[in-house]
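Heads up: the structure comes next, in structure tokens.
The values are calculated or read from the model by the stated rules, or taken from the named source; none is laboratory data. Here the structure is a predicted model, which means the values were calculated and not measured. For neighbour counting, all protein chains shown are included, and Cβ atoms are generated from backbone atoms with ideal geometry for every residue, glycine included.
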Amino acid sequence: MRSIALGSRRVSLLIGLPFLLANASQAQESGVSPAIIAARPITNFRIGSPETRFGSLEFVGGLEMRSTNRDFGGLSAFRYLDDGGEFLGITDTGFWYAGRMERDGRGRPASVDNFRLAPIQSELGAPVEGKWNSDAEGMDVSGATVTVSFERIHRIAVFDLDLNGFASKPKYLPLPIPKNELRNNRGIETIAHAPLSSPLQGARVAVTEKSLNKAGDIFAAVIEGPRKGIFYIQRSDDFDISDGDFLPGGDLLLLERRFSISSGVTLRIRRIAADAIKPGATVDGALILDADMRYQIDNMEGLDVWQAKDGSTRVSLVSDDNHSIVQRNLYLEFRLAE
């Protein structure tokens, strides 16, 4: 410990020390762990190019994030809780994460503040443990309710939104897709709420990563509402689905990725028309973005659609570094150029 000279500073420190120790003790008991995020701004999406328009999206900015907290990483889903500040997410190692995005004078992402992690709780009130049990992949927030999908041990859980102790216990929904159709480590990767004004009338939609029907297309399902039932996403070019969210008008954006030793990681975002989603349908849509290793991408796992203060529709992406020294935790933000 660094020594401090006698005087008011030392007195203040000694008075404040019990408070700091009490807070640390409470955080340890609750399982909430703060993390300092070192963030490097990303100003160009295409490496070495000042270009900002890519397909239907305009690049706003991004961050490359690091932390000495050993639980930081594996980011698999992300949702803003407001107009681009407070956020909540999950990791595929069984943690909640939350924080605040700080922005520069032009509204671009600049740093991350008040970041903390906490273990996702089981129905017994204990942290979920083991990769097979803790592989959280999809997440969405509606009001005070958070819906999370897990793969390997396939299930969909509903939690109360708790940004302080993260102590909510899950209640489980019936699987909307037969369990025997959910592939190991290729289960439900996406959970998203449709807008109330859309043909799905606010229903939740679940999309698998790579659980395929006999035609080779991807299982998905509307969980509730007038269009409840299974539908399929047409699979092409060996892309798998890693997340999705709905645009304000009701169309569904799907984040897809492909990896090969020769070409590395490739991503794309596909737009599915709202009215096409119905039981028994096989849906497809236009690509609004595609990128490869010439761009600032990694293993992109999470996608969020949200409204900024200026009224624009934003699309944010996060990557999963798999806790590997050769991968990165990225945050990328785009403006829908319509």
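Things to note:
- Scanning segment 101-148 for residues that are closer than 27 Å to G202 by Cα and of a type in the set (D, E, K, R) returns E123, D135, E137, D140.
- Breaking point among (1) charged (D, E, K, R); (2) part of a strand (DSSP E or B); (3) buried (at least 17 other Cβ atoms within 10 Å of the Cβ), for D71: (2)
- From the list D237, D290, the one residue that fits, being farther than 20 Å from Y80 by Cα, assigned to a loop (DSSP other than H, G, I, E, B), out of contact with any helix residue (DSSP H, G or I) (no Cβ under 7 Å at 6 or more places or on another chain) and not β-branched (V, I, T), is D237.
- You will find that of S67, S111, S134, S122, the residue that is in contact (Cβ under 8 Å) with a residue 60 or more places away in the chain and not aliphatic (A, V, I, L, M) is S111 and no other.
- Unmet criterion (only one of (1) under 26 Å from R106 (Cα atoms); (2) surrounded by 21 or more Cβ atoms within 10 Å (Cβ to Cβ); (3) at pLDDT below 95; (4) not aromatic (F, W, Y)) for D320: (1)
- Qualifying residue in segment 276-295 (condition: crowded, with 23+ Cβ neighbours inside 10 Å and at negative phi): yes
- Restricting segment 251-280 to residues that are in a loop (DSSP other than H, G, I, E, B) and among the hydroxyl-bearing types (S, T, Y), the residue that is nearest to the chain's Cα centre (by Cα): S263
- Criterion: closer than 30 Å to Q296 by Cβ, at pLDDT 95 or above and either of a type in the set (A, V, I, L, M) or not in a strand (DSSP E or B) (or both) - qualifying residue of P248, P199: P248
- Condition met for V205 (closer than 25 Å to L317 by Cα, under 19 Å from the mean Cα position of the chain (by Cα) and crowded, with 20+ Cβ neighbours inside 10 Å): yes
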